[in-house]
Amino acid sequence: MDYPNQVRIIDVGPRDGLQNEKSPVASGDKIALVGKLQAAGLREIEVTSYVSPKWVPQMADNHAVMQGIARDAAVRYSVLVPNLKGWEAAVQDRPDEIVVFGAASEAFSQKNINCSIAESMERFAPVVEAALAAGIAVRGAMSCTVGCPYEGEIAPARVEYLAGLMRGIGVQRVDVADTIGVGTPLKVQRAIEATLKHYDIAHISGHFHDTYGQAIGNTVAALQMGVWNFQSSVAGLGGCPYAKGATGNVATEDVVYLMHGLGIETGIDLNQLVDAGAFISNAIGKKPQSRVAVAILNKRAG
Ligand code: HMG
Ligand code: MG
């Protein structure tokens, strides 16, 4: 088995991890989290989203957070943008990359962004065009690539279709997301295979939620196919407001521990990462959801 020598981890904690928090998280804590993640060695961080504050109140401080972070030229800062209104707001803060987000399931597209898959592409197309013209990279998140909270199991053909639409409007790379964490290794591999019809392996990232405890297994399954871009949330924070019951992303600490154990470089200092996770967990009054973080914190305490 040929594993890649190195992987790139995108921490989506400040966005995916915090978007579902019921009580407002102070912008200062979000800014401090981004600082701690980059200090730990993260080179890609998904910072916030420019969506309706009525839909996702937690991300209403997008400008304050983007303007408050101490940007490091070596780090790529990405933000979610669903439409031209979001783009106009986002461009003021000069993200390095914007993320349009679609779904392989019609029902989820409606619940999450209030339009069909076809309509979402009409909304995204001018955003993608404007971003590329402004020299800003474009990623596409593909939700529900194995299962949907409303439609159940999703066929790989739906993923292939969505990936083709993303490619058609100029999206440069895509995330294969298991939004509700129901995937198992072979199903995730089929979703990645479907995506490979339109994107090469270097332009596909794995985005696995850990609801059923399969995300590390799914990460290994993706790695075995040659995927080397992965998204995760520090401390395993998160959940999607429009995917009831779905828990957080796979924890960044767990992915880093896995990679280092396999001899794969991440560029991340696990101890500093654990500190970043402990910081934000404490700020929101929760225990870290990462098994690795808990083990390391217990070891330190002992
Ligand atoms: P809509 O209601 O269809 O939009 O919402 P609209 O164009 O009809 O406008 C309605 C109102 O929203 C208007 O305000 C607009 O100005 C405002 P009003 O006149 O009523 O006061 N509006 C906006 N405000 C701020 N920013 C904007 C914006 N657009 C319109 N960009 C919309 C469409 C997409 C905006 C809405 O459905 C929305 O905000 N949805 C939230 C989606 C979201 O953030 N979901 C979570 C992130 S996705 C995710 O977590 C999955 C992922 O992690 C991968 C995975 O795990 O699957 C990425
Ligand atoms: Mg997600």
(request) Check K54 against each of (1) touching a Pro at 6+ places or on another chain (Cβ under 8 Å); (2) open to solvent by 20 Å² or more (accessible area, probe 1.4 Å); (3) within 8 Å of ligand 1 (Cβ to nearest atom) and name the one condition it does not meet. (result) (1)
(request) Keeping to the stretch 226-240, report how many residues are more than 21 Å from V174 (Cα to Cα) and either part of a loop (DSSP other than H, G, I, E, B) or within 11 Å of ligand 2 (Cβ to nearest atom) (or both). (result) 1
(message) All but one of (1) crowded, with 22+ Cβ neighbours inside 10 Å; (2) assigned to a helix (DSSP H, G or I); (3) in contact with a helix residue (DSSP H, G or I) (Cβ under 8 Å, 6 or more places away or on another chain); (4) of a type in the set (A, V, I, L, M, F, W, C) hold for F279; state the number of the condition that does not hold.
(response) (1)
(message) Any residue at all in the stretch 245-259 that's open to solvent by 30 Å² or more (accessible area, probe 1.4 Å) and more than 16 Å from ligand 2 (Cβ to nearest atom)?
(response) yes
(request) Considering only the stretch 196-225, state which residues are over 18 Å from A251 (Cα atoms) and away from ligand 2 (no atom under 16 Å from the Cβ). (result) L196, K197, H198, Y199, D200, I201, A202, H203, Q224, M225
(request) Mind listing just one residue for me: the one in the stretch 133-149 that is more than 12 Å from T179 (Cα to Cα) and free of Cβ contacts under 8 Å to residues at least 60 places away in the same chain and, of those, nearest to the chain's Cα centre (by Cα)? (result) G140
(message) Can you tell me how many residues within the stretch 120-152 are surrounded by fewer than 19 Cβ atoms within 10 Å (Cβ to Cβ), touching a helix residue (DSSP H, G or I) at 6+ places or on another chain (Cβ under 8 Å) and over 20 Å from R76 (Cα atoms)?
(response) 3
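Yes/no matrix, rows are residues, columns are (1) polar (S, T, N, Q); (2) open to solvent by less than 10 Å² (accessible area, probe 1.4 Å); (3) within 16 Å of ligand 1 (Cβ to nearest atom); (4) in contact with a Ser or Thr (Cβ under 7 Å, 6 or more places away or on another chain):
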residue	(1), (2), (3), (4)
Y3	no, no, no, no
G13	no, yes, yes, yes
V25	no, no, yes, no
K30	no, yes, yes, no
V34	no, yes, no, no
A40	no, yes, no, no
E46	no, yes, yes, yes
(request) Being in a strand (DSSP E or B) and either away from ligand 1 (no atom under 11 Å from the Cβ) or surrounded by fewer than 18 Cβ atoms within 10 Å (Cβ to Cβ) (or both) is the filter here, so list the residues in the stretch 171-205 that pass it. (result) R173, I204
(request) Residue by residue through the stretch 145-179, note down the ones that are touching a Leu at 6+ places or on another chain (Cβ under 9 Å) and within 15 Å of ligand 2 (Cβ to nearest atom). (result) T145, V174
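The values are calculated or read from the model by the stated rules, or taken from the named source; none is laboratory data. Just so it is clear, the structure is predicted and the values come from calculations on it, not from any experiment. Methodologically, a virtual Cβ is constructed for each residue, glycine included, from the backbone with ideal geometry; neighbour enumeration extends over all protein chains shown. Calculation scope for accessible area: heavy atoms of the full protein, side chains included, ligands and nucleic acids excluded. Shrake-Rupley method; radii C 1.70, N 1.55, O 1.52, S 1.80 Å.
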